[in-house]
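Q: One structure is given below, represented as structure tokens, and several questions about it will come after.
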């Protein structure tokens, strides 16, 4: 009787985990591959992580198989915890978060970028906010404390002679931001795409600033890898970085490539309406760019300076401590994937 009770409780607990977390995040995947043999890469269904599923999609379309297993998460807390628990060998992650984790002793290294630009600051179409100074005393939703979207607000305030106390920052999951702006629960929202594009596409959002207007060469997310994996499997890490670089150049090479990716990736990997990705990858085409993603020290030193001022980092952190540039350096001059969908 006791054994039956324990068995029933185990089944209930496992069912709870399956329903609320999913087999993939428990260390299983749809192909029942041995998780220890599978190179697992975490991503969120946002455009700054797009090259992760696109690389897998292209390789499976060309050869019938991928060389890593992309693991989809719905939010930053779950993704971060999976990486810290060593359930992922690599992950796309917020740049300031990766720096802060390294400062806290987590053995990770940033090896490549996710994309450039690809963030907008949105207000309601009927809002009387038309400049950064109009944001004084307004409520702005940002993804979380460690997001570069928070830093871009800090930079905009600083550039306009304002202080952080002049606005109210509200941490809100990006998928909840469109509804918050539509209902006017907040005055402005900023996060990675496609959630900002959704507000514009649905007719109630207006672009106040694109990221590149406030912060040229804006970086939101990076690709981070466990240091142990770099030491034990450097050739696999290089293959991953090369694949990300090639798929990024493939996306930027032709608008039709972006439209094909929007359709298949949205359905197979993001589980979103494809019109969202189509909109954000084409209106305009340079809204998000996926080329020129090698690590540059000056870019990260700018992030570090702002993060220190904003109180995100505990202190200065040397560039070499949290990055390994050797992998991105080898992508210089790399060619995009030579593949035409449907042909």
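Taken together, the values in this text are just the output of simple stated rules run on the coordinates, not laboratory data. For clarity, every value in this text was computed on a predicted model and none was experimentally measured. Every residue, glycine among them, receives a Cβ derived from its backbone with ideal geometry; neighbour counts consider all protein chains shown.
Q: Going by alpha carbons, how many degrees (0 to 90, nearest 10) lie between the helix axis of 148-159 and the longest principal axis of the chain?
A: Its long axis makes an angle of about 20 degrees.
Q: Using the alpha-carbon centroid of each, what span in Å lies between the stretch 304-339 and the stretch 50-115?
A: With the stretch 304-339 and the stretch 50-115 each reduced to a Cα centre, they are spaced 14 Å.
Q: Express the relative contact order of the stretch 36-111 as a whole percentage, based on alpha carbon pairs under 8 Å and six or more residues apart in sequence.
A: Relative CO of the stretch 36-111 lands at 37 percent.
Q: What FRET efficiency comes out for residue 65 versus residue 138 if R0 is 56 angstrom and r is the Cβ-Cβ distance? Round to the nearest 0.05.
A: 0.65
Q: From the C-alpha gyration tensor of the chain, pull out the three semi-axes of the equivalent ellipsoid (sqrt of 5λ each), sorted largest to smallest, in whole Å.
A: Listed largest to smallest, the semi-axes of the chain are 31, 24, 23 Å.
Q: Further question: Using only the alpha carbon atoms of the stretch 119-214, find the Kirkwood hydrodynamic radius as the inverse mean reciprocal pair distance, in angstroms to one decimal.
A: 12.8
Q: Then there is this: Of the listed peptides 97-106, 41-50, what is their order by residue-averaged count of other C-beta atoms within 10 Å, with the highest listed first?
A: 41-50, 97-106
Q: In square nanometres, what is one fourth of the surface area of the convex hull spanned by the alpha carbons of the stretch 238-343?
A: That works out to 8.8 nm², a quarter of the Cα hull's surface.
Q: Also: Gain in length, residue 131 to residue 308, computed as 0.36 nm per residue apart minus the alpha-carbon separation, to one decimal in nm?
A: Once the chain is fully extended between residue 131 and residue 308, it gains 61.1 nm.
Q: Next up: Pairs of alpha-carbon atoms within less than 8 angstrom and 6+ residues apart define the contacts here; what relative contact order does the chain have, in percent?
A: Rounded, it is 23 percent for the chain.
Q: For the stretch 119-214, what does the relative contact order come out to in percent, with C-alpha contacts under 8 Å and a separation of six or more?
A: Once divided by the residue count of the stretch 119-214, the mean separation gives 47 percent.
Q: With each pseudo-label sitting 7 Å past Cα toward Cβ, what's the residue 235-residue 171 distance in nm, one decimal?
A: Calculated label separation equals 4.2 nm.
Q: In Å³ and rounded to a whole number, note down the convex hull volume per residue for the Cα atoms of the stretch 178-277.
A: So the per-residue hull volume is 155 Å³.
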